[in-house]
Amino acid sequence: MFKIFAFLKRNAALSRDEFRAGLIGYHAGHSRRMRGLRGYLVNIQTEAGAADALGALHGDLVRNQPADFAGAWDGFPAMWLDSAETWRASREPEATRATAEGLVIDPDRTPQDGPFLFDPAPGQADRYRSVPVAVEELVILPVERPERRLAKLVQFFRRNPSLTEAEFRRGLLEHAALAATMNGLLGYTLNLRDPDEDAALRGVYPDDDWRYTADGRAWRRDFTRSWDGAGELWLGDLNDFAAGRAAPRLHPALCALERYLFEAVWWVAVDESIVVMPNRDPAPAFYYR
C-alpha cells in the first residue's frame, strides 16, 4: 500500500489542546472523506515526551537526536491508500451527502481551516507548512487493540552511513524480529522513508506551493534527511516499555544491533487517535471507512 506520514506544526495562536481538538475534531472529519482512503490515524506528540517511558534505559536508547526535531512538528497523521495514483486522486470529492435528489457532493465540505490550524506558509497566507513523507510499511506484529486507549512510542532512526542499503535492511529486519518478542508489546510496525522526498507531493500540490519553493525544499530536506525510518510500538501502558525492553534476553542484543545499524536513534511518545481503521485487505466493492 501507499502510506504517508504528514508532519504538521500547530499554528502558534493555538494551545496544544486546541490544536488537538481542531485536528481530530474538525480537520480529520473532512480528511477522512478523501477518495480511496484506506486508513487514517492521527499521532500527536505528548507533552511529557518519551523520557519517562525510557526511564533508566534512556542513555542506552537515545543517541545523536537532532536538536530541533521534536520542535519541528506537533503531530503527524498516517494515511493509507492503494497507490500513489490513488493518493493523487484522493482530493476529488465524492457524492456522499443524501438529499431529496439522492447522493450529492457535500457543498459544506470546505476544509479551509489549514492555515489557521497549522503553521502558515511564509508568504502564502492561504496555505500552511507540512512535510508529507511516503514510507514503506512492514507490519512486524499486527496491532491487538483491546477496548481501551493504547500507549504508543515511535522510534526514529538514521542509517549508519558505513552500511549499504542491503546491509541496513537486512539488519533492520533482524532487529525488528527480535524487538517484536518484547513482553507487553501489542503491535509493531516498521516504516522506511522513501528516498524520493517528493513522492508524497508530486501531482498533489500545485507547482507554486510553498513546499516547492527554495525555502520549502530546504526546510523539507533538512527535516526528512534527519531520519531514514521509524518503528511504531503499541503498548497497554508506557510503563510497560522499560520493563519489557530491559529483559536480559533482549536489551544487550538490541543495543548491539542499534549501535551497528544507526548513526542516530531517538524516541517520541504520541497520543494516537483512530479516524479510519487501516484496511490492508483488498478494497471492498462498497464505500468503506
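Before moving on, here are some points about what is shown:
- GNM on the chain, alpha-carbon springs under 10 angstrom: the most fluctuating residue among 242, 256, 199 is 256.
- Annotation: residue 15 carries an accessible surface of approximately 50 Å², with a 1.4 Å probe and no ligand, DNA or RNA atoms counted.
- A Cα-only calculation for the range 186-232 places Rg and Dmax at 13.1, 43 Å.
- Stretch in the chain that is longest and holds no GluC sites (Glu not before Pro) that DSSP places in a loop and that have at most 11 other beta carbons within 10 Å: 148-289
- Taken about its Cα centre, the range 1-74 carries a charge dipole of about 600 debye when Lys and Arg each add +1 at the Cβ and Asp and Glu each add -1 at the Cβ.
- Dipole magnitude of the chain, debye to nearest 20 (Cβ charges: Lys/Arg +1, Asp/Glu -1, about Cα centre): 240
- Taking the charge dipole of the range 195-289 about its Cα centre, with +1 at Lys and Arg Cβ atoms and -1 at Asp and Glu Cβ atoms, the residue from 268, 257, 205 reaching farthest to the positive side is 257.
- Directionally averaged projected area (convex hull, Cα atoms, the range 1-42), nm²: 3.3
- Hydrodynamic radius (Kirkwood) for the range 76-198, which is based on Cα pairs only, to one decimal in Å: 18.9
- Taking only the Cα atoms of the chain, the ratio Rg/Rh comes out at 0.97, with Rh defined as the Kirkwood radius.
- Extension gain for the segment residue 138 to residue 113, taken as residue separation times 0.36 nm less the Cα-Cα distance, is 5.7 nm to one decimal.
- Debye log10 I(q)/I(0) for the range 46-143, one point scatterer per Cα, at q = 0.18, 0.23, 0.24 Å⁻¹: -1.21, -1.33, -1.34
- Sites residue 98 and residue 256, calculated FRET efficiency, Cβ-Cβ separation with R0 51 Å, nearest 0.05: 0.30
- Mean-position separation - Cα centroids, the range 66-81 and the range 229-274, in angstrom: 18
- Cα lying deepest toward the dipole's positive end in the range 1-130, options 93, 116, 128, charges on Cβ: 93
- Maximal additional length on extending the residue 106-residue 82 stretch stands at 6.2 nm, based on 0.36 nm per residue less the C-alpha distance.
- In a reduced charge model with +1 at each Lys and Arg Cβ and -1 at each Asp and Glu Cβ, the range 106-239 shows a dipole moment near 400 debye about its Cα centre.
- Within the range 131-161, the trypsin sites (Lys or Arg not before Pro) that combine a DSSP coil assignment with at most 16 other C-beta atoms in a 10 angstrom radius are 148, 149.
- Computed from the Cβ-Cβ distance with R0 of 35 Å, the FRET efficiency linking residue 26 to residue 64 stands at 0.40.
- Using the Cβ-Cβ distance between residue 57 and residue 16 with R0 set to 30 Å, the FRET efficiency works out to roughly 0.70.
- Cα centroid separation - the range 112-134 against the range 155-202, whole Å: 28
The values are calculated or read from the model by the stated rules, or taken from the named source; none is laboratory data. All figures in this text were calculated on a predicted structure; none of them were measured in a lab. Ideal geometry is used to build each Cβ from the backbone, glycine not excepted, and the neighbour counts take in all protein chains shown. Keep in mind that these areas ignore ligands, DNA and RNA; they rest on the heavy atoms of the full protein, side chains included. Shrake-Rupley method; radii C 1.70, N 1.55, O 1.52, S 1.80 Å.
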